[in-house]
Every structure is written in C-alpha cells, then in structure tokens.
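The structure under discussion appears below in the form of structure tokens.
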Amino acid sequence: MSSQDILKIGSYSLKSRLIVGTGKYPTFQIMEKALEISGAEMVTVAVRRVNLDRSKESLLDFVDPKKYILLPNTAGCYTAEEAVRVARLGRAAGLSNLVKLEVIGDEVTLMPDVLGLLEATKILVKEGFVVMPYTTDDPIMAKRLEDAGAACVMPLAAPIGSGQGIQNLLNLQLLIEKVKISVIVDAGVGTASDAAIAMELGADGVLMNTAIAGAKDPVKMAEAMKLAVHAGRLAFEAGRIEKKMHANASSPAADKATAHAIE
C-alpha cells in the first residue's frame, strides 16, 4: 500500500485498515502485546465493561490513548435508548466522540436490531458523535444508515464470535457498491484468510476481537491478521485476473514461436 492509502472515518485518518478489540484476552499483558504487533491505530473498548473511575486495574491501564484512538462501543445494549445512554456515558468519561454503535436484537444470535440501530444513529449523529454502526449485511439498511449520517457501516461477516468467515459474499459486494462511506467488515472473522477475502472484495477495513483474543497464540494471530489485511488490500488495488472456465496457458503460442526462433 502507498503512503496515501488512508482509511477515512469521519475526521479520522488511519494508515492501518485493521481495527482490533480489547476483550476476551487471557491477560491484559497479552492484549497489550497483540495490539502492538497488530499495527492497529484504533481499538475498541466496551463502555459497560470498563472501570472508568480507575479505582482498580482496568484495560485502560494497558491501552495508551496517546498511541491508540479509542473506539467506545455499546456492546450489551438491546434498545436504542440504552445504546444512546451508554454512548453518552463513554463520551462524558472522556473516552471519545467516536462510538461503535451496537443495538442487539436477539440474545441467542446476537444479531443487530436494525430498526433500533437506525433510530440510535439518528439521535447520536445529531449530538455530534462519529457513529460507526454494527449492522447486518443488508445493502438497503446500509444506505439508510449512510443517509442518517453514519461515518461508516460495519456489516457482520457472520454471527459475533462464531469464526465462520464471510457467509454471504454477494450481499457484502452489493453493500460495498451501494454506499459511498467506508465499509468495515465486523464480526465472524476466524482466521487470516477471512480478513484477506474481505479486503479483496473491496471492504475498506476489518474489525475483529475474538479471532485474535481467542487464538491459541493471540500475538501471532494479531500479526497474521495485520499481514492478511495488508495483502488483501494490495490484491484489491492490483485487480485480480478474470475467472475462466477453461485453462489458459501461461506461455501463449506466440511466445513459444518466438522462443523457437531464438533457438
């Protein structure tokens, strides 16, 4: 990638297209090492799970706000009202005016409640938040979120923490074509190839947590994800060859004739 290849989210400009979560790591120390090697510039923090008064050890003790852009999220919220309240709490605590907006609609699948998500997006945008909504892979809803003022859209690849990879390539491609704002694939990534595929499709970035934190070696997986996102972006920019039904010789007949003439 060139030095000009920048991910734009609202007024934020990121050189890294990998955004990493801070939950589920075996220890804060492993999390710290994984974040470092991932090359991520933006990291998510769950407002409801952070000890904001710093009265005891907190993950914020291991995430330097001078080094990382903090992305508070509304994980665990099941209504628009609840998500708006948590977003306000995170900003009031000095975390950020960014918010990864989550409004969950079902306790089993943890799929987004898109109607509540759209409602909360409209409210928070009016209040000056840079809203990054976690949504389904529905192109129509993505467009509505864009129209509501979302800074990007974050469609799931598969259910949260499932590691299933991208389950609907067509929907994701249609969504990327539908909106003009950045598309960050979020949830369901399991390994490096999943991240590379997302980027090859034209996604602007990938956000992940469980795929790294839940790996046998989170630090190695963080590095693998960094390389995969980079490789996928390069492949997208390069433009893959056309898929064909039949073989196409890498040494065409004309080339062979030239070779014989030289001999």
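Descriptive notes on the structure:
- A residue that is in contact with a Ser or Thr (Cβ under 9 Å, 6 or more places away or on another chain) and open to solvent by 60 Å² or more (accessible area, probe 1.4 Å) occurs nowhere in the range 175-198.
- Checking each residue in the range 224-249 for being open to solvent by 40 Å² or more (accessible area, probe 1.4 Å) and under 16 Å from the mean Cα position of the chain (by Cα) picks out Lys226, Leu227, His230, Ala231.
- Number of positions in the range 26-35 that are in contact (Cβ under 8 Å) with a residue 60 or more places away in the chain and either surrounded by fewer than 20 Cβ atoms within 10 Å (Cβ to Cβ) or farther than 14 Å from Leu60 by Cβ (or both): 4
- Residue count for the range 10-21, restricted to those that are out of contact with any Lys or Arg (no Cβ under 9 Å at 6 or more places or on another chain) and crowded, with 23+ Cβ neighbours inside 10 Å: 2
- Candidates Ala157, Ala231, filtered to the one that is out of contact with any strand residue (DSSP E or B) (no Cβ under 8 Å at 6 or more places or on another chain) and aliphatic (A, V, I, L, M): Ala231
The values are calculated or read from the model by the stated rules, or taken from the named source; none is laboratory data. All figures in this text were calculated on a predicted structure; none of them were measured in a lab. Quick reminder, even Gly has a Cβ in these numbers, built from the backbone with ideal geometry, and neighbours come from all protein chains shown. For accessibility, only protein heavy atoms count, side chains too; no ligands or nucleic acids. Shrake-Rupley method; radii C 1.70, N 1.55, O 1.52, S 1.80 Å.
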